[in-house]
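The values are calculated or read from the model by the stated rules, or taken from the named source; none is laboratory data. As the structure is a prediction and not an experimental result, all values here were calculated from the model. Don't worry about glycine lacking a Cβ; one is built from the backbone with ideal geometry, like all the others, and counts go over all protein chains shown. For accessibility, only protein heavy atoms count, side chains too; no ligands or nucleic acids. Shrake-Rupley method; radii C 1.70, N 1.55, O 1.52, S 1.80 Å.
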Amino acid sequence: MFEGLKNKISGVIRGFIKKEEAEIDEKKEEVKEDAESKNETTAEEPKNSIENKKNEPNNTETEEYSDIDNSPKENHKSVTDDETQAAETGPKVSENKKQEQKKQEQKERDNGINKKEDKEISEPKTKTEHEEVKSKNQQNYNINLSIKTKIKKVFLSKIKLNDSDINQFLDELKISLLQSDVSYNTMERFTEDLDKKLRDNEFESKEISRQIIEQVRLALNDVLNKNMGSYIDLFGTISNRVAKNEVPVKILFIGPNGTGKTTTIAKIANELKKRSITSILSASDTFRAAAIEQTEYHANKVGVPVIKSKYGADPASVAFDAINYANAHNIKVVLIDSAGRQETNKNLINEISKMARVTKPDITLFVGESISGHVISEQINEFSKFIKINGIILTKLDCDAKGGNAISIAYDTDTPILFMGTGESYDALVNFSPKFIIDSVLPA
């Protein structure tokens, strides 16, 4: 009995080996044939075309031309009389035609780009970048199973993965997570949890790869939705408070330098304007050079008022004046800018705490870059020690399609991500999408 089973398994293994050797031989033959065919066509094509034209009878050529063109036969006499000359100059003419055709195709491409230019400005750039990342990752996740597992697949409808299968897959996944800006600690914790799930589960033999990918995507989705219990619908909350006349709604924006806070405030103001909700901007960044002018520029572009002071003025007093102005003019929302500050600068952190005490914001939003990597989690946790943060806006996703730091934020903080900035346009603000992040890291 054991001898028979041993022979059967040996036969299966030999079958696998022969099949792989046959596939390798076939690929070698295909490569060889392609190379030979390319050499033959490049070397002999012009010569053959001349010989064929010389050997063709005159009446055949005339018939071919008459089929294409319905003009009188007199127009074809010059072709038949100068047949030899046409044959000799044939390759040159074809080369000229090819060059003209290439120029024409280039013009058409240029014209197509110009026609689509306006549309592309309004579309988020992340679309094409995301597709590139998706196709690249699809190539990386062809699960390579061990010979032992392949043999099991032949005899069993459901199997468990062995250590070799799991370790190889997790090694590739770790690299992908790190390349997607997931922090090292988050990557380690996530893959440890996933390791246990993969070892405990049984997979259908015919769909192992698909089921493993599905398992990882479900695990990522659970992580990204971890903080959604404290999620707030920003515009829904504002609309409800306006309906109850609990105004003005005060929103404070905080975060490090250069993350796009002022542009994000303008995007929020633009969306409120679309919803017929009035707003005012408070230029409370009195520290950074040209910050006041930048806030004023965006306010004018969107078409909302702005309250400003001079550089060096108390930021809290500027915000307080904006709130008073909103009360006096029945403006529903006050959007308060603040100076960008690093979490290590204690003086500026104390200043933002003072602004919060004076203005008593209804909502505080942290604005951070999607390209900042795992550092953003540390920044959020440090800011949270001094001021309560209700939500996060990730900016500059048009610069980076991966956005894997959203996974780190979900693991390391208790704050939900509300929006993603996908460009500099005032309309380039979209709701946070866990699916977008998951597709960037691991396509379905």
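Brief remarks on what is shown
- Calculated FRET value between N324 and D193, using beta carbons and R₀ = 45 Å, to 0.05: 0.30
- Accessible surface of the range 311-367, 1.4 Å probe: 51 percent of it comes from carbon and sulfur atoms.
- Cα gyration tensor category, rounded, prolate or oblate, for the range 325-444 with a/c compared to 1.5: oblate
- Portion, in percent, of the accessible area of the range 163-223 that falls on carbon or sulfur, probe 1.4 Å: 44
- Note that the range 284-335 presents 50 Å² accessible area per residue, ligands and nucleic acids not counted, probe 1.4 Å.
- Gain on full extension, evaluated as 0.36 nm per residue between N221 and S276 minus their Cα-Cα distance, stands at 16.3 nm.
- Along the axis of the charge dipole computed for the range 211-340 (Cβ charges of +1 for Lys and Arg, -1 for Asp and Glu, origin at the Cα centre), the listed residues N324, P256, Q211 are led at the positive end by N324.
- The string of couplings for the range 210-227 from the Karplus curve (6.51, -1.76, 1.60, θ = phi - 60°) is 4, 6, 5, 4, 5, 4, 5, 4, 5, 5, 5, 5, 4, 5, 5, 9, 4, 9 Hz, one whole number per residue in order, with x for Gly and Pro.
- ³J(HN,Hα) computed for each position of the range 237-247 - Karplus, 6.51 cos²θ - 1.76 cosθ + 1.60, integer Hz, glycine/proline x: 5, 4, 4, 5, 5, 5, 4, 8, 6, 8, 10
- A 1.4 Å probe run over the range 371-436, with the rest of the protein chains in place, finds 36 Å² accessible per residue.
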